[in-house]
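Each remark here refers to the structure printed beneath this line.
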Amino acid sequence: MIAARQLFMVLITTLLAAQANAEADFGDMSADQKGLAIAEQVKARDRGWNDSRAAMEMQLYRRDKLLATREMRIQALEVVDDGDKSLTIFDTPRDVQGTAFLTFTHVLEDDEQWLYLPALKRVKQISSKNKTSPFMGSEFSYEDLNSFEVPRYSYTWLRDEPCGDTTCFVILARSKDPYTGYSKETIWIDKDEYRPLKVKYYDKRQSLLKTLTLSDYLKYLDRFWRPGKQVMVNHQSGNRTVILMKDYQFNTGLTGEDFTRNSLMRAR
Amino acid sequence: MARTGQARTAPLWALAAFLAAPPGGHAEVQGYVGIQSRWFPDTPLDQRQRSASQSLVVVPEWYQQFNNGDDSINIKLFYRHDHNDPERRHGDVREAYWRHVGGGYELTVGVNTLFWGVTESRHLVDIVNQTDQVEAPDGEEKLGQAMIHLALLKDWGVLDLLVLPGFRERTFAGEAGRLRSIPVTVEEGVYASSDGDEHIDTALRWSHYVNDVSVGLSVFRGTSREPLLFLDSERGEAVLRPYYPQMQQSGLDVQYVNGDWLWKLEAIYRDYLGNKLLSRTLATDFAATTFGFEKTTVDIAGSGWDLGWIAEYSYDSRPASVAPFDDDLFLGARLSLNDIAGSELLMGVSQDLTVNDAHLAVVEGSTRVGTATRISLELNYFHSNSPEDALFPLRQDSFVELGIDYYF
């Protein structure tokens, strides 16, 4: 029995991997169809990670001067038919240590968000319309940190162009969310592994607002690429924020029970 | 003698060993120390009351997880040294509990602080912990409560079952302190129950949320956290003394989220049980409610600032003389700058709609300095010209407080 089940699991995993690694065939698709197909391929290759834990360090720079750092731990749960769930626990700055943030991302409906305030021992539900405000004084907005869900955007493939040692698809994505802070995003995705390497964000007046560069990618469980470093530069203010991700762990046994309002209250 | 000494120190050694080599799992030692300076510009009603107050607060916390996070020990202590008022010089065990998380349940045994409710200006449903009144006039600081708390996590919601042994008396400012009654309220109370402060209270709460609606229903049975005050004498001087009747309180809290609007409602009904009358002070059953909304405007004009508006109405069926929020409207605004220093500003005004000349206002601002220090400035304004209003005793006690807290 056990052997049969193991064999079945191996088979399934191999099939999934084969499907994900198959060279996508864009045939004679239109630019919009191709853009969508590329986005779907990015998501498809990131299916099956189940759950993860990681440590995040955020460095806040005003021009080139490091002003502050923030440390947090992030637990995430993949939800197959909907958006992912995540729980973020703050370690620094120390006056907000123990504050925790629970998000249920939904593909089509509004996200749900709760904040736990340890000083008051109170869980507060917060409006999910908050997309554009800066996260903890950084150059990342809440919208930038949400999990990527394909149906939230419309896409157009623009061109292929060399990027670093490889070649990238360059696609245009427009958020369908009326509360978005951006008019459009241009995304560079490498053709070999379908990893986003660069994103340019344009404000509502169509001018370039920010550029995100994702680098130091590492492969986990032989399949899942995660960037070790993300740099967000704000072209209008000259400020930038660096996110360093460390200690990634997958399949740590997290379940839906670890992503509830009760678990938010006891998150440390 | 030596044997006794050894027996006494044995648990300490065990604790030391535990601290030195924690049995796996996440552990933290944290907390804060702070100094606060309060200044009261108006002449006090009682000449023994001081016009300024300096105090020091220390709040250490220790957390240790074990058994792969299924069990944890949490300790949070509190001590304030107030320069003028010995009654405000007080310590408390805010938390000291062991928690076990099992499949579909959480069991907490020890001293803990819980919060129930949704509204901002008043916390009617929040009943488990006694108010640490000398800490803050808004009543949001609570004393630790001993409890056995079983939370059942089900598909149909969370069911909290609580057994609460041991009662905590409300803290009151002493003779030299401000923000108090005239005459002074002494801490030592009298009880309706023959068990005194050893009456075992019970509480039950069911809470659930479906889509955009969260609901909580609660029942508490035991010693009232809110005392009735009656005129008494101590050392030949008139004082007010707390009387703690037995009661049953039913509570409802509802929240509905619609876009950037949060609609909130809390309502309670309190039945006093047994002996309701003491020294001409009658415990009258009553109903009270607070409801309103909070609306947040994010990223105002691309500034990155968020502004939240709060409007809440409070009703209490008791007369204005005992219920400060009998027919009151609260309007508030919370501004978050979302800057590196995490600067925030909170403003609120509460106006009695029946008694024209009674209102209070509060402004609280805070910002981070460096990596772990927070500076805060708070203004509290009380105004009342009507002796029938519960705010009347505070009419000369408007104050400014400057605070610095260092987090470790």
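The values are calculated or read from the model by the stated rules, or taken from the named source; none is laboratory data. Just so it is clear, the model here is predicted, and its values are computed rather than measured. Don't worry about glycine lacking a Cβ; one is built from the backbone with ideal geometry, like all the others, and counts go over all protein chains shown.
Considering only the stretch A:53-65, state which residues are within 11 Å of chain B (Cβ to nearest Cβ) and either loosely packed, with under 14 Cβ neighbours inside 10 Å or on the phi > 0 side of the Ramachandran plot (or both). Result: A:R62, single match. Yes or no: A:Y153 crowded, with 18+ Cβ neighbours inside 10 Å, away from chain B (no Cβ under 11 Å) and out of contact with any Phe, Trp or Tyr (no Cβ under 7 Å at 6 or more places or on another chain)? Against the criterion (crowded, with 18+ Cβ neighbours inside 10 Å, away from chain B (no Cβ under 11 Å) and out of contact with any Phe, Trp or Tyr (no Cβ under 7 Å at 6 or more places or on another chain)), A:Y153 qualifies. The conditions of being closer than 22 Å to B:R50 by Cα, of a type outside the set (S, T, N, Q) and not in a helix (DSSP H, G or I) are met by B:V400. Looking only at the stretch B:41-73, count every residue that is free of Cβ contacts under 8 Å to residues at least 40 places away in the same chain, out of contact with any Lys or Arg (no Cβ under 7 Å at 6 or more places or on another chain), part of a strand (DSSP E or B) and among the polar types (S, T, N, Q) and tell me the total. Count: 1.
Looking only at residues in the stretch B:336-384 that are facing chain A (nearest Cβ under 9 Å), in a strand (DSSP E or B) and not polar (S, T, N, Q), the one that is farthest from the chain's Cα centre (by Cα) is B:R368. Screening B:Q255 with (1) within 14 Å of chain A (Cβ to nearest Cβ); (2) in contact with a helix residue (DSSP H, G or I) (Cβ under 9 Å, 6 or more places away or on another chain) gives one miss only, at (2). Give the residue that is nearest to the other protein chains (Cβ to nearest Cβ), with candidates limited to residues of the stretch B:272-288 that are at pLDDT below 95 and surrounded by fewer than 15 Cβ atoms within 10 Å (Cβ to Cβ). Step by step, filter the stretch B:272-288, then rank; the result is B:D285.
For the stretch B:289-335, the set of residues classified as hydroxyl-bearing (S, T, Y), under 17 Å from B:K264 (Cβ atoms) and more than 14 Å from every other protein chain (Cβ to nearest Cβ) consists of B:T289, B:T290, B:Y313, B:S314, B:Y315, listed by residue number. Give the stretch A:134-150 a look and list any residue that's touching a helix residue (DSSP H, G or I) at 6+ places or on another chain (Cβ under 6 Å) and either within 11 Å of chain B (Cβ to nearest Cβ) or of a type outside the set (V, I, T) (or both), or say none. Within the stretch A:134-150, A:F135 is the sole residue that qualifies.
Sub-6 Å Cβ pairs linking a first residue in the stretch B:350-365 that is crowded, with 18+ Cβ neighbours inside 10 Å to a second residue that is outside any strand (DSSP E or B) and not small (G, A, S), at least 6 apart or interchain, are B:V355/B:D389; B:A358/B:D389; B:A358/B:L391, ordered by first then second residue. Comparison of A:L172, A:L212 shows that the only residue that is under 15 Å from the mean Cα position of the chain (by Cα), in a strand (DSSP E or B) and buried (at least 18 other Cβ atoms within 10 Å of the Cβ) is A:L212.
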